[in-house]
Amino acid sequence: MEQKPTVALITGASSGIGEAVAWRLARKPGTRLILVARREDRLRALAKRLPCETTWVAADLTDSDAPGRILAHVQEHHPPLNLLVNNAGASWRATFADGGYENVRRTMEINFDAVLRITETFLPMLRGAAPSAIVNIASTAGRISRAGAGAYSASKYALIGWSDSLHLEEAPHGVHVGLVLPGFIATEGFPAEELRAKFLTRWMVSDVSKAAEAVYEAGVMGRPERYVPRPYGLIAVLKIIAPGLVRKVLSGGAAKAMTTKTGADAAEQAEKKSRA
Ligand SMILES: NC(=O)c1ccc[n+]([C@@H]2O[C@H](COP(=O)([O-])OP(=O)(O)OC[C@H]3O[C@@H](n4cnc5c(N)ncnc54)[C@H](OP(=O)(O)O)[C@@H]3O)[C@@H](O)[C@H]2O)c1
């Protein structure tokens, strides 16, 4: 895959990690990109600035016709895809008692269901273009759950479980399935303001370029799995060998600092205020 020009579709390319992935991939000669997200103005502006052939599709990935519209666009404007980056995602923080099933449903809809639907749509094309790759952006929250983030964790645990299986199923067809598991990365959707504000926790927050490099490694260089930053992988190990300790730490003070507000929470609060 390293030698072929990359034709990549990146979901959630209008900000944060997705935008950084577009810049990282654009550095590879011959790359062609298809950017997907809801905010068309952002996609158009990014496509203009990127130093490679780039088109975009403005779509809400939870809409039933979105995968079909995106497929039609790719078929009309590009050679077959050989890289699909499933990055679009969101989080609405709430305990289960407060957010209930509805919060889990809407989180699964974008973080899990939408990924499966777009992957199902492009899988025949990816097999035809093999060697090719899919990179799913999960999260360390898909290895460890915090209070108030159960819906988000459920969606990322599900994504990881499904990705591991898809990896085994698609390897014989030449489609590599890689996973990227970011920790805290400061973005619009996940600003991690509380962590960045304190000297003691600032080190825990990484930047988008590191996540983009990990996506490159998983998608272009065939790595199976990358934590960002790498030491976050220890969390997964600790969770298995010392679950009691992990629960104790997560119910203490450090955990409260980690229960950061997400961009989706902030947007929702602003909307509520404007309606009031
Ligand atoms: N930042 C972190 O700390 C962190 C940690 C672990 C995992 N992640 C994962 O990394 C991925 C990217 O997040 P980010 O941190 O880069 O946040 P972000 O800046 O908020 O980016 C999220 C992207 O998803 C798009 N998106 C959201 N809902 C969508 C929908 N219904 N249809 C189409 N596009 C949609 C957004 O674009 P529009 O609003 O324009 O649609 C945006 O481009 C997510 O899957 C997130 O779960 C992030």
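None of the figures in this text is laboratory data; all of them are computed from the coordinates on show. Only a predicted model underlies this, so the values are computations on that prediction, with no experimental measurement involved. Here Cβ is always computed from backbone atoms with ideal geometry, including for glycine, and neighbour counts include all displayed protein chains.
Basic side chains Lys and Arg get +1 at the Cβ, acidic Asp and Glu get -1 at the Cβ, and with that the dipole of the chain about its Cα centre reaches some 900 debye.
Using only helices, what value at 222 nm comes out for the chain when you add -39,500 (n - 2.57) per DSSP H run of length 4 or more and divide by the total residues, to the nearest 500 deg cm²/dmol? Mind dumping the intermediate values first?
Details: 12 runs with 135 residues, N = 276.
-15000 deg cm²/dmol, from helical runs alone.
Other residues whose C-beta falls under 12 angstrom from the C-beta of Phe184 contribute a net charge of +1, scoring Lys and Arg +1 and Asp and Glu -1.
Sorted from largest to smallest, which semi-axis lengths in Å does the alpha carbon gyration tensor of the stretch 7-275 give for its equivalent ellipsoid, taking the root of 5 times each eigenvalue? Provide the component values of the computation, followed by the final result.
On the way: eigenvalues 177, 88, 65 Å².
Values for the stretch 7-275, descending: 30, 21, 18 Å.
Using the Cβ of Val228 as centre and a radius below 14 Å, the other residues enclosed give a net charge of +3, where K and R count +1 and D and E count -1.
Remark: the Asp207-Ala236 segment gains 8.4 nm on full extension, using 0.36 nm per residue and subtracting the alpha carbon distance.
Under 14 Å from the Cβ of Tyr157, count the other residues' Cβ atoms, weight Lys and Arg +1, Asp and Glu -1, and hand me the total. Net charge in that neighbourhood comes out at +3.
Could you quote the convex hull projected area for the stretch 53-180, Cα atoms only and averaged over all directions, in nm²? Don't skip to the answer; put the middle values down first.
Working: hull surface 32.1 nm².
Result: 8.0 nm².
Centre-to-centre, using Cα atoms only, the stretch 145-161 and the stretch 1-79 are separated by 26 Å. When the Gaussian network model of the chain links Cα atoms closer than 10 Å, the mean-square fluctuations of Glu109, Glu19, Glu120 top out at Glu120.
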